[in-house]
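Colleague: Quick one: the structure is below, and I'll ask about it shortly.
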Amino acid sequence: MTKRLLAILFSLPLFTLLSFSQKSVNDNLLRDIVRNNGQVEVTISEPGIKAMDWLSGNTSISSVKDKTVHIVLSPLTLEWFISQNFDYNIVERTESKGIISSVSMKQALGWDMYPTYSQYDSIMRSFLTTYPDLCQLHTIGTSINGKLIQVLKISDNASVEEDEPEVFYSSSIHGDETGGFVLMLRFADYLLKNYSIDSRVKNLVDNLEIWINPLANPDGTYNSGDLITSPVRFNANGYDLNRNFPDPETPYTSSNIKQKETLDMIRFMSEHNFVLSANFHSGAEVVNYPWDRWPRLHADDSWFYNVSRKYADTVHFYSGPVYMTGFNDGITNGAAWYRINGGRQDFMTYDLHGREVTVELDDNWITPSDQLNSLWQYNWHSLIGYLENATYGIHGGVVDINTKKPVAARVFITGHDKDNSQVFSDTLAGSFTRLIAPGSWDLLFTANGYRDTLISNILVSEGQKTLLNVEMKPIPVNISLLYPNPVSQSLKIILSENILGEVNITIFNQSGIKMIDFNTKAVLGIPVVIDVSHMAAGLYNILITNRVTKISNKARFVVLRR
């Protein structure tokens with residue numbers, strides 16, 4: 001130690017030296033725990049909004065309870081946290097002692113023990129073997145360590161892509177939040193077993209395509225092998241996958257979304273038009289709805305509030321007196337709780353125009369095995385009721401008024417929609433689902449090549465489906481004005497609105513030989529002028545194509561020579 005450093009230390013008060021020494025000891029203890037366990041949980045006093053946002057952008061905040069912030073640190077975030085000099089307490093987690101692993105498939109299917117990874121894989125495959133007409137097994141992708149991230153599709157004609165709303169349940173994106181994992185497996189089993197005997201189940205399976213992903217982060221849950229012994233929140237690279245998605249203020253780029261599990265999940269969700277979804281977690285007991293990133297409210301805040309309220313109220317009817325009763329009696333707006341960056345809920349809702357909530361199932365991150373059955377009894381009625389919301393609202397189709405072919409249209413509620421809350425009709429069938437609170441609504445349909453269509457006073461009732469089929473009129477695909485015709489020197493063309501912009505103009509003679517080919521920009525009301533003075537007398541065909549939309553106009557003209 002240098003003399004200068006010794007002088008500084010001896011000049012400090014004794015309590016400062018003791019504090020410095022104690023922090024150094026604690027910091028080293030944090031490093032040891034992360035080195036041995038892959039993560040460590042700490043708590044700090046809530047530091048204020050700006051500091052919370054700073055923390056959220058650099059660490060994984062797992063919960064905020066009674067003005068205490070719970071943070072889980074990985075090897076990636078540990079040193080940054082230490083460098084910020086927060087006063088913190090280390091939390092010793094003991095929940096893993098409550099994990100009992102099944103020794104056989106029979107035990108695993110009793111749903112009061114945790115399956116091994118190989119048993120989990122076998123259970124998913126057994127659903128397909130036992131109920132081949134009602135389900136299909138797909139792979140969203142693989143984890144960093146090569147474990148399958150599986151998803152089960154349940155529908156009355158599972159092998160057929162039907163024109164039905166798609167819904168999605170996913171759990172355990174945080175590997176140490178385990179209760180939802182078994183809950184989702186049991187829910188899939190319940191739907192399949194009760195399809196023929198339960199009218200509510202049959203209604204769901206007949207009218208929806210239900211996708212269930214029980215385990216979104218297998219490396220985190222099974223980080224020590226085939227058994228769940230010391231699960232961690234993060235993926236194998238130390239990333240919190242529920243802070244790794246694009247969000248309204250962090251758009252997608254190849255540089256900020258790097259984790260394989262996230263990229264695979266984005267691809268999967270983008271390939272489907274999920275109108276309703278839920279992401280299951282633990283660490284609290286609450287239904288959390290958008291936005292997580294913004295303090296402002298979603299355009300459909302009243303709808304989100306009502307479906308969350310129904311989930312929690314149904315839970316209260318079937319649970320004990322203290323389950324899911326915190327916050328606003330079991331529900332909260334995400335940002336009102338605490339703000340996060342890169343959450344899947346906001347990505348699904350903002351980027352993909354879906355409607356997703358986050359259901360926190362248990363104050364314990366790891367639900368003890370002997371409480372798994374209670375978790376099921378408390379929640380399974382709500383799981384059914386939440387999916388039933390996808391059968392309500394406005395359902396319909398958009399077609400061309402002449403050809404009756406599907407039209408991919410933007411469905412916008414005038415005076416209501418904002419922040420990407422609009423939905424779109426799909427390209428295959430032209431169908432759309434707009435989940436919305438009861439009331440009277442004006443829907444504006446817009447599509448390339450079609451006139452805007454406004455349908456007013458669409459009545460939506462509580463717990464009912466409103467059917468709406470829309471026919472859109474195409475903008476005429478023709479050249480509005482071509483003159484003079486016949487022509488000898490300069491041909492002038494004024495284009496219709498549907499083709500304005502960057503265009504390519506090609507002229508052919510009657511033998512199909514290309515005479516003129518050039519690009520230009522067409523502006524409303526201003527003619528495009530073409531010099532034809534060098535062309536021989538005769539009949540010519542002109543083709544004008546918008547270079548972006550590929551919409552084309554055709555016409556004929558005559559060149560005269562004296």
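Just so it is clear, none of the values below were taken in a lab; they were calculated from the coordinates. Here the structure is a predicted model, which is why all the values come from computation and not from measurement. Because the Cβ atoms are built from the backbone with ideal geometry, glycine has one as well, and the counts that use them run over all protein chains shown.
Colleague: Take the alpha-carbon centre of segment 456-519, take the same for segment 151-227, and report the distance between them in whole Å.
Modeller: About 46 Å separates the Cα centre of segment 456-519 from the one of segment 151-227.
Colleague: Could you give me the ³J(HN,Hα) list for segment 192-208, computed from phi with Karplus coefficients 6.51, -1.76, 1.60 and θ = phi - 60°, whole Hz, x at Gly and Pro?
Modeller: 5, 5, 9, 4, 8, 10, 10, 5, 5, 5, 4, 4, 5, 5, 6, 10, 10
Colleague: Among Gln119, Asn26, Gly343, which residue has its Cα furthest toward the positive end of the charge dipole of the chain, with +1 on Lys/Arg Cβ and -1 on Asp/Glu Cβ?
Modeller: Gly343
Colleague: Moving to a separate point now. Shape of segment 463-533 from its Cα gyration tensor (a ≥ b ≥ c, root eigenvalues): rounded if a/c is under 1.5, otherwise prolate when a/b > b/c, or oblate?
Modeller: Because a/c hits 1.5 or more and a/b exceeds b/c, segment 463-533 counts as prolate.
Colleague: With Cβ to Cβ distances under 12 Å as the rule, what net charge do the other residues near Ile123 carry (K, R +1; D, E -1)?
Modeller: Neighbour charge sum, excluding Ile123 itself: +1.
Colleague: How far is helix 49-58 tilted off the main Cα axis of the chain, in degrees rounded to 10, range 0 to 90?
Modeller: 80 degrees
Colleague: Continuing with the same structure: Please grab the % of Cα pairs in segment 161-305 that end up more than 27 Å from each other.
Modeller: 30 percent
Colleague: Using a Debye calculation, one point per C-alpha and no hydration shell, please list log10 I(q)/I(0) for segment 97-388 at q = 0.08, 0.12, 0.14, 0.16 Å⁻¹ in order.
Modeller: Log-scaled intensity ratios, in q order: -0.30, -0.72, -1.02, -1.40.
Colleague: Of Lys202/Lys465; Lys492/Lys554; Lys514/Lys550; Lys153/Lys405; Lys404/Lys550, which pairs sit farther than 24 Å apart, going by alpha carbon to alpha carbon?
Modeller: Lys153/Lys405
Colleague: How high is the relative contact order of segment 481-559? Use alpha-carbon pairs under 8 Å, at least six apart in sequence, and give a whole percent.
Modeller: Normalised by residue count, the contact order of segment 481-559 is 35 percent.
Colleague: Next question, about the same structure. Please give the net charge around Phe280, taking every other residue with its beta carbon less than 9 angstrom from that of Phe280, where Lys and Arg add +1 and Asp and Glu add -1.
Modeller: Around Phe280, the surrounding residues sum to -2.
Colleague: If you don't mind, there's one more thing I want to ask. How far apart, in nanometres, would the label points at Lys97 and Gln377 be if each is projected 7 angstrom from Cα along the Cα-to-Cβ direction?
Modeller: Taking the two extended label points, one gets 2.5 nm.
Colleague: Apply 1/(1 + (r/R0)^6) to the Cβ-Cβ distance of Asp329 and Asn145, taking R0 = 51 Å, and write down the FRET efficiency to the nearest 0.05.
Modeller: Working from the Cβ atoms, E equals 0.80.
Colleague: Output the antiparallel fraction of DSSP beta bridges having both residues in the chain, as a percent to the nearest 5.
Modeller: Approximately 75 percent, going by the DSSP bridge assignments.
Colleague: To test your reading of the geometry: what angle, between 0 and 90 degrees and rounded to tens, separates the Cα axis of helix 260-271 from the longest principal axis of the chain?
Modeller: Value to nearest ten degrees: 40.
Colleague: What do you get for Rg/Rh over segment 128-226 if you use C-alpha atoms and the Kirkwood form of Rh?
Modeller: Radius of gyration relative to Kirkwood radius: 1.00.
Colleague: Please determine, in degrees from 0 to 90 and to the nearest 10, the orientation of helix 14-37 with respect to the longest principal axis defined by the Cα atoms of the chain, where the helix direction is its Cα long axis.
Modeller: For 14-37 against the chain, the angle is about 70 degrees.
Colleague: Dividing the Cα radius of gyration by the Kirkwood radius, what Rg/Rh value follows for the chain?
Modeller: Reported Rg/Rh (Cα atoms, Kirkwood Rh): 1.11.
Colleague: Next question. Check cross-link reach from Lys260 to the aspartates and glutamates: straight Cα distance under 15 Å, and skip same-chain residues fewer than eight apart.
Modeller: Of all the aspartates and glutamates, those that pass the test against Lys260 - Cα under 15 Å, at least 8 places apart if same chain - are Asp219, Asp240.
Colleague: From the helices alone, meaning DSSP H stretches of at least four residues, give me the mean residue ellipticity at 222 nm for the chain, per-run term -39500 (n - 2.57), in deg cm²/dmol to the nearest 500.
Modeller: Only helices count here, giving -8000 deg cm²/dmol.
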